[in-house]
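The values are calculated or read from the model by the stated rules, or taken from the named source; none is laboratory data. If you're wondering where the values come from, they're calculated on a predicted model, not measured in any experiment. FYI the Cβ positions are ideal-geometry reconstructions off the backbone, even for glycines, and counts take in every protein chain you see.
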Amino acid sequence: MNLFSSSAPGPWSVRQASPLAQGAQPTPFPAAPFIGAHHLVHRPDTPEGFLHAATPPSRHRFGFSAQLPDQHPLFSDSTAPFHDPLYPMESLRQMAIFAAGRYFRVPENRRILLAGCSMAVTALTPWQRSGQPAQLTLDLELTPTDVVKGVPRSMDCQASIGIDGERCGTVEARLVFVMPGVYRSHRALSRRESERTAEGHSGLPTGHGVPGPELVGRRSVRNVLIGLPLEEDEETLDFPVDIPAAREVLPDSGPEVPAAVFLEASRQAALFSVGELYGLAPGHAVLTGWRAAFRGFAEPGLPLRCAVRSRTTGTPGQVQRDAAGRPTAELDLTFTQGSRVVAGATTSVLQIC
């Protein structure tokens, strides 16, 4: 029983499935930029969940499915034979943004910002590319928080990741819905603080080189978003982030630096760093965990730096191993513009051979 079906403005639409219906099949709708063709099915907990326009905002569940890209200029460009974790993370973010207006009454003039997000690989085998089409599924749970007069100020997003029917990971995010005046005020304050201490432009320093793509887990130099370390010692490396290059490759080129830049830049910096700090092979390593928190805004016109430091206590360069005996490393990453910290992240990297 289909209680409601519509096409929303923009690249997404949704078909709602009644909880009483058995075997309801989603219908495809136009491809969204970056993530491609996909299906989204609304799965409310009760029949009242369909009446989202007449009931207070509450938790909503969704089912997302898409074929994992196998010919994508970024997602298919990994040196390691694994599907790209950026794809499910970006899928969650885009679906949550769509649902914010459609199901949670967030006004169109609100700025939707990512306050934090995380990803964890819980089973590695399903992520391995087989040369055959693979199906991604996300079981999404979106919960409004800080509801004022029926409108949430933020939303917690959680999803379990499945590939070809096998559960293999989790992804979480927290979105904040900011009123235009508040956004402008905070953005201006962040910009002034960064401009006081940040020198130079948003690209790499003049004449500065970039790592070979295989050293950051990529095959194409087009997808390399960091420069060679500006400074390094036995425990820390400091990378410049090439924001202009990133905005040509990644989605959501809005007025501030998008969250996807931090994920991809932190992954590349982490893979390069495990080679330098631990002697691991970046081309045979995979990111198995990532957690980030964002502080204010990063300006696209100012230089962005990423400092990487080992989280492991003890002898510098000492390799840790997982239960299967494979080399692993945990790293802390700090993104700065001038003296201002704009994001912090932790990563876990696993060498697969």
Name the one entry in Ala324, Ala292 that is outside the structural domain of Pro73 (by TED's automatic domain parsing), assigned to a loop (DSSP other than H, G, I, E, B) and under 26 Å from Gln128 (Cβ atoms).
Ala324
Of all strands (runs of 3 or more DSSP E) completely enclosed by the range 1-104, which ones contain at least 2 residues that are within 19 Å of the chain's Cα centre (by Cα), at pLDDT 55 or above and not β-branched (Val, Ile, Thr)?
36-42, 60-67
The range 245-266, residues that are out of contact with any helix residue (DSSP H, G or I) (no Cβ under 8 Å at 6 or more places or on another chain) and surrounded by 24 or more Cβ atoms within 10 Å (Cβ to Cβ):
Phe262, Ser266
Being more than 19 Å from Ala343 (Cβ to Cβ), surrounded by 12 or more Cβ atoms within 10 Å (Cβ to Cβ), of a type outside the set (S, T, N, Q) and touching a residue at least 12 places away in the same chain (Cβ under 8 Å) is the filter here; which residues of the range 169-199 pass it?
Gly169, Phe177, Met179
What do you reckon, is Gly165 more than 21 Å from the chain's Cα centre (by Cα), surrounded by fewer than 22 Cβ atoms within 10 Å (Cβ to Cβ) and assigned by TED's automatic domain parsing to the domain that holds Thr312?
no
What pairs can you find where one residue is in the range 98-127 and over 18 Å from Phe64 (Cβ atoms) and outside the structural domain of Val286 (by TED's automatic domain parsing), the other is surrounded by fewer than 17 Cβ atoms within 10 Å (Cβ to Cβ) and of a type in the set (A, V, I, L, M, F, W, C), and their Cβ atoms are less than 6 Å apart, with a gap of 6+ or different chains?
Arg105/Val151; Gly116/Ala293
Considering only residues that are modelled with pLDDT of 95 or more, part of a strand (DSSP E or B) and surrounded by fewer than 18 Cβ atoms within 10 Å (Cβ to Cβ), which ones fall in the range 200-242?
Asp238
Single unsatisfied condition, Val257 versus (1) within 30 Å of Arg184 (Cα to Cα); (2) not in a loop (DSSP other than H, G, I, E, B):
(2)
Only one of these is crowded, with 18+ Cβ neighbours inside 10 Å and part of a loop (DSSP other than H, G, I, E, B): Leu350, Leu302, Leu333. Name it.
Leu302
Unmet criterion (only one of (1) closer than 19 Å to Pro88 by Cβ; (2) touching a Ser or Thr at 6+ places or on another chain (Cβ under 8 Å)) for Arg153:
(1)
Matching residues in the range 96-125 - criterion: being out of contact with any strand residue (DSSP E or B) (no Cβ under 6 Å at 6 or more places or on another chain) and closer than 15 Å to His39 by Cα:
Phe98
Take Leu175 and tell me if it is in contact with a Cys (Cβ under 7 Å, 6 or more places away or on another chain) and either within 23 Å of His38 (Cβ to Cβ) or among the β-branched types (Val, Ile, Thr) (or both).
yes
Total residues in the range 124-136, condition surrounded by 13 or more Cβ atoms within 10 Å (Cβ to Cβ) and under 11 Å from Ile161 (Cα atoms)
3
